[in-house]
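I have placed the structure first, in the form of structure tokens, so that the comments after it can refer back to it.
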Amino acid sequence: MTFDPARYQNPSTIQRVIHTARTVAVVGLSKNELRASYFVGFYLRRHGYRVIPVNPRETEILGEPSFKSLRDVPVPIDIVDVFRAPEALPGIAEEAVAVGAKNLWCQFTVINEEGGRIAEAGGLSVVMVHQSRARAVHRPDALARLQHAAHHFGAWRSSVAPEGALAPTA
């Protein structure tokens, strides 16, 4: 039986995760402005989220200290947003469970069945953005505005939030 990531693309789960989160730890956040992870981190900050870089090769990204691992992050994490190879996901999922994160958001192509199961078993909600589903949920204006981040957290956020309601409320 082949793995079907559709179980991790429930629109209600996606909306709940997006609208209740305030703090996002971005695993694999790059300081390279041309990388999708940088764009998504920048986008999230611009729309009111606290973005915590998790990249052992950097000391600071987007003006925030970068942590070597999720275990080093000193605050509660609402979303662990993953920009790493699919093979790294099981270990990241284990760390996300260990630190008490609430959600695991796997970016486009970061599809790993074992990682999803580990996170689910640990009580996390899991979202895996997959090409077959991602194109169907984007609004045309969101695609035009966020072409560089298509299929990433920012594009999903725009696809489910009404215009003018992008920043989380206190």
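Derivation of every value follows stated rules applied to the coordinates shown; laboratory data play no part. Only a predicted model underlies this, so the values are computations on that prediction, with no experimental measurement involved. Using ideal geometry, Cβ is built from the backbone for each residue, glycine included, and neighbour counts are taken over all protein chains shown.
A few points about this structure:
- Meets criteria (closer than 19 Å to V126 by Cβ and aliphatic (A, V, I, L, M)) for A6: yes
- Criterion (among the aromatic types (F, W, Y), closer than 20 Å to R117 by Cα and crowded, with 21+ Cβ neighbours inside 10 Å) met by exactly one of Y8, Y49: Y8
- Qualifying residue in region 60-76 (condition: of a type outside the set (D, E, K, R), closer than 16 Å to M128 by Cα and surrounded by fewer than 22 Cβ atoms within 10 Å (Cβ to Cβ)): no
- In region 103-129, the residue that is nearest to the chain's Cα centre (by Cα) out of those that are surrounded by 23 or more Cβ atoms within 10 Å (Cβ to Cβ), in contact (Cβ under 8 Å) with a residue 40 or more places away in the chain and part of a loop (DSSP other than H, G, I, E, B) is Q107.
- Residue within region 85-93 that is touching a Pro at 6+ places or on another chain (Cβ under 6 Å) and touching a residue at least 24 places away in the same chain (Cβ under 8 Å) present: no
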